[in-house]
Each structure stands twice: as structure tokens, then as C-alpha cells.
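Each remark here refers to the structure printed beneath this line.
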Amino acid sequence: MASPPDTSKTTKLERYNSYLRRVNTTKLLAASSKLLFRVTLLVALILIFFFTFNYPPLSDTPTTAGHHLHTTSHLLSSAFYGSGANWEKEVRRSSTPRRANGFSVLVTGAGGFVGTHCSLALKKRGDGVLGLDNFNSYYDPSLKRARQKLLKQHEIFIVDGDLNDGELLSKLFDVVPFTHILHLAAQAGVRYAMENPQSYVRSNIAGFVNLLEIAKNADPQPAIVWASSSSVYGLNTENPFSESHRTDQPASLYAATKKAGEEIAHTYNHIYGLSITGLRFFTVYGPWGRPDMAYFFFTKDILQGKPINIYQTHDNKEVARDFTFIDDVVKGCLGALDTAEKSTGKGGKKRGPAQLRIYNLGNTSPVTVGKLVSILESLLNVKAKKRVIKMPRNGDVPFTHANVSLAYRDFGYKPTTDLSTGLRKFVKWYVSYYGIQSRVKGSNPSA
């Protein structure tokens, strides 16, 4: 009988081959893992490099017109702002004028109400415009972003940054030889100063000084036009308000910071030869306006059926304002820019006397708040639920009235829009922007 075949050698060989396959598979997996890790790391480094050198960091903390100071993003800005060729290209393109002898204007607060309208007007006539705004949350940032989108459609670039970021401002002046600055960035609002006083100091004083420090060392030094306020007249009782009237009795911290700005402007003009023009705005209103203004939130509350407060003085007089339509204010701002003389300093040193001016920009026709509400009721086809109450002691003044003869003499400023006409344009924009279907007169966008 034959013996069974010896399979031990075959079995051992198969086990050995299986062992080799496992070893090779393990080595292959290890090598693949290392390769995958290295590729992933390389891709991550490439992405970091790309985003770092093509996009400046975004400011997400309010200072210029808001609540808190830069911290981390401020520290990072010195390393990364303006490092990207794409960013610098956008800055240069936006600020380059298209007309002969056109201006190159840095507009601070370009995402704000007046800043947006002025930027559009400057760009329309062929000037170069570069915006700067920190898009803070003092009021709805989405409205500011919508304005930014509007400006982008007209090839106006807004740098997302803060006045107190000196390294960013220095970089902008390194990239662009600005001929003018239209400084409109500020912490606005009289009543809010009682809640957050430090924001007014950071923006309206520290931010302004920081901007002037950069401007004084620029070559060439730009001419500066900036927004003061009718609030500086404070407790003044002479009417109409004229530039020669006293402004040493501010009724609010906001007014005090604006008055401080006027004195700071005088100092930098005197020492460094900066050409500086201050504009005292009187209750500016119109499309794309500020939600914290009475005409804006009255419109909102009337349409929503909510009661509105109408103030009276403590001696039972009606509160009145010199409401000034945005188009008239824009003409005044451009007139001030057009007549601004060149600064006389160089290398941070004054070489000769420099222009220093201050003007009222108002409508010259005060209207009571009660009349304002009546016009809105007519335009909205809604009866307001009114509550007449005494004016709180929060810094508001009972009456404003502008004498604009000086602005008329020097650059032809002449307001032409009455309150009814201006509010009609505002209401038409309001119902269109917020998509409100209502009985509003003339609210049809095609009308």
C-alpha cells in the first residue's frame, strides 16, 4: 500500500508566502500613509500661503464708529495687510482717477450713509475713490454691506479696516498717493454716548488723530475735508447758527468729541501745514440712510403699527430740525473738496501757511418733528400712533437752523430739496429695499 504524499513542505511554503504578502502590504500601507500625509500637509501650506498673501485680514471688531478696539486682527495686520498683489491691484485700480487732473480720494466711512453717496458722486465724475470702513454693529451691518455691494457695482473698493490701525493706513498711503481725504468715519448718535462713551473717544478723537498723523507724514500731503456736526453749537441760542457763533457749550459727549476734532484740526493745520476743511452737517436724511435717525425709525414703526414718541421741550415748544437732504450734502462735500487748497507740509514739517476752514451744510428751513410725522403719514397712507412726551435730558437740543451763506460764498452751496420731496424719495427707497407691499404713494420702483 502506497504512503500518503508529504504536504508539510508545501504548507510551510504557503505560510511563508502569506507572511511575505502581509509584510509587503503593511509596508505599502505605511508608505501610502506617509505619502498621503505629506501631500495633505503640502496642500494645506499652499492654501495658507495663497490666502495669506492675496487677502488682507478682515476687521470684525468695531472702533471707527463702534464699540471695541482691535486686538488680534490689529496685531496681524502689520504682517499681512497689503502683502497680496491682488489686494494692492484692487486698491490701485479703485483709487486711480479716470478724468484729467482728477482726484484720488480716500473716503473713510465709505460704507456709511454719507460716505456711500459721496463715493458714488466722486466716481461718477471720474475721480479715483478708495473706501475704508470697519462695518461695525452700531446699527445693522447688513445695510452697510448692501451699500458696499452697491459701491462694488460701480468699481469702488472698500478696505475692511479701522482708523486706529496705523499700519494699515500707512500701507494704503504707501500704495496710493492720495490727493484728498474725505473723512466721514465716526461714532455717530447723540443718545448712544450715554451708553458707550469710550467708543466716541476711540473713534472721533483717537481715530481722527491717527489719520492726521499718517497724513502729515505723507508725500504729498493730502488736503482733508472732514465731517464735524451741527451738534457743536450745543446750548447756543442765537439763530440761525453761524460759524462765528460760540461752540464751547456742547450738550452731549458726541458734540464734545466733534468740537475736540475741530480744535485738533486747527493744531495739525498750524504745526504741520495740513489743509483742513470741517463741515458741520445738519440732520442729513435720504435713501440708504441711518436706521437710528428719527425719520427712519418713524417710518418703520408707523408701517408696523407701533407708537412713536414726539418730543416737546420742557416749556411745551415743538422740537424742530434743519433736515438736509443727502443730495444737497453731497454737493457741499464735493464743493469743499474742489476748493480745498493743497497742504503745505513736507516730511512732517510745515513749509508755509495752510488753508483752514469750517462750514455749515444745512437746509436753512427748520421743520418741526410733528410736521415730519405728518408728511410720513401722507406718504405711507398710514395714521401714526403718536405719543407726545417731554424731551429727555440725553444731549439732544430742541432746535437747529443753519446759516449757509459762507458755504454759498466759497463754493456755491445752495440746498434745493424741501422735506416733502426728500422724504418721498426716502420712502420710495425704503419700501423697495425692505420689500414692503403697502399703500405707500409712489412706492412702485417703476414709477
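State all residues of segment 132-179 that are charged (D, E, K, R), open to solvent by 20 Å² or more (accessible area, probe 1.4 Å) and part of a helix (DSSP H, G or I); if no residue qualifies, say none.
Residues satisfying the conditions are Arg145, Lys149, Lys152, Glu167, Lys171, Asp174.
Only one of these conditions is not met by Asn316: (1) touching a residue at least 40 places away in the same chain (Cβ under 8 Å); (2) open to solvent by 20 Å² or more (accessible area, probe 1.4 Å); (3) more than 16 Å from Gly289 (Cβ to Cβ). Which number is it?
The single condition Asn316 does not satisfy is (1).
Among (1) over 16 Å from the mean Cα position of the chain (by Cα); (2) closer than 29 Å to Asp396 by Cβ; (3) without any contact (Cβ under 8 Å) to a residue 24 or more places away in the chain, where does Asn196 come up short?
Failed condition: (3).
State the number of residues belonging to segment 338-368 that are open to solvent by less than 20 Å² (accessible area, probe 1.4 Å) and not in a loop (DSSP other than H, G, I, E, B).
Qualifying residue count for the region: 4.
Can you find even one residue in segment 263-285 that is closer than 22 Å to Thr313 by Cβ, part of a loop (DSSP other than H, G, I, E, B), in contact with a helix residue (DSSP H, G or I) (Cβ under 9 Å, 6 or more places away or on another chain) and open to solvent by 40 Å² or more (accessible area, probe 1.4 Å)?
The answer is no; no qualifying residue exists.
Tell me which residues, restricted to segment 302-313, are in contact (Cβ under 8 Å) with a residue 12 or more places away in the chain and either farther than 22 Å from Thr417 by Cβ or in contact with a Pro (Cβ under 9 Å, 6 or more places away or on another chain) (or both).
Hits for segment 302-313 are Leu303, Gly305, Lys306, Pro307, Ile308, Asn309, Ile310, Tyr311, Gln312, Thr313.
Can you name every residue in segment 321-337 that is within 21 Å of Lys425 (Cα to Cα) and either of a type in the set (Gly, Ala, Ser) or open to solvent by 60 Å² or more (accessible area, probe 1.4 Å) (or both)?
Correct list: Asp327, Lys331, Gly332.
Is it the case that Leu235 is out of contact with any Cys (no Cβ under 8 Å at 6 or more places or on another chain), open to solvent by less than 10 Å² (accessible area, probe 1.4 Å) and touching a residue at least 40 places away in the same chain (Cβ under 8 Å)?
No; evaluated as a whole, the condition is false for this residue.
Just to be sure I understand, how many residues within segment 205-224 are open to solvent by 20 Å² or more (accessible area, probe 1.4 Å) and either in a helix (DSSP H, G or I) or of a type in the set (Val, Ile, Thr) (or both)?
8
Do you know which residues across segment 389-418 are open to solvent by less than 40 Å² (accessible area, probe 1.4 Å) and of a type in the set (Val, Ile, Thr)?
Val397, Thr400, Val404, Thr417, listed by residue number.
So for segment 302-309 (the condition being of a type in the set (Val, Ile, Thr), outside any loop (DSSP other than H, G, I, E, B), open to solvent by less than 10 Å² (accessible area, probe 1.4 Å) and on the phi < 0 side of the Ramachandran plot), does at least one residue qualify?
yes
Out of curiosity, is Leu376 at pLDDT 95 or above and either under 18 Å from Gly286 (Cα atoms) or open to solvent by 50 Å² or more (accessible area, probe 1.4 Å) (or both)?
Spelling it out, Leu376 is indeed at pLDDT 95 or above and either under 18 Å from Gly286 (Cα atoms) or open to solvent by 50 Å² or more (accessible area, probe 1.4 Å) (or both).
Against the definition (under 22 Å from Ala407 (Cα atoms), open to solvent by 30 Å² or more (accessible area, probe 1.4 Å) and in contact (Cβ under 8 Å) with a residue 12 or more places away in the chain), how does Asp292 come out, yes or no?
no
The values are calculated or read from the model by the stated rules, or taken from the named source; none is laboratory data. Computed from a prediction, not measured in an experiment: that's the story for all the values here. Cβ atoms come from the backbone with ideal geometry, glycine included; neighbour counts cover every protein chain shown. For accessibility, only protein heavy atoms count, side chains too; no ligands or nucleic acids. Shrake-Rupley method; radii C 1.70, N 1.55, O 1.52, S 1.80 Å.
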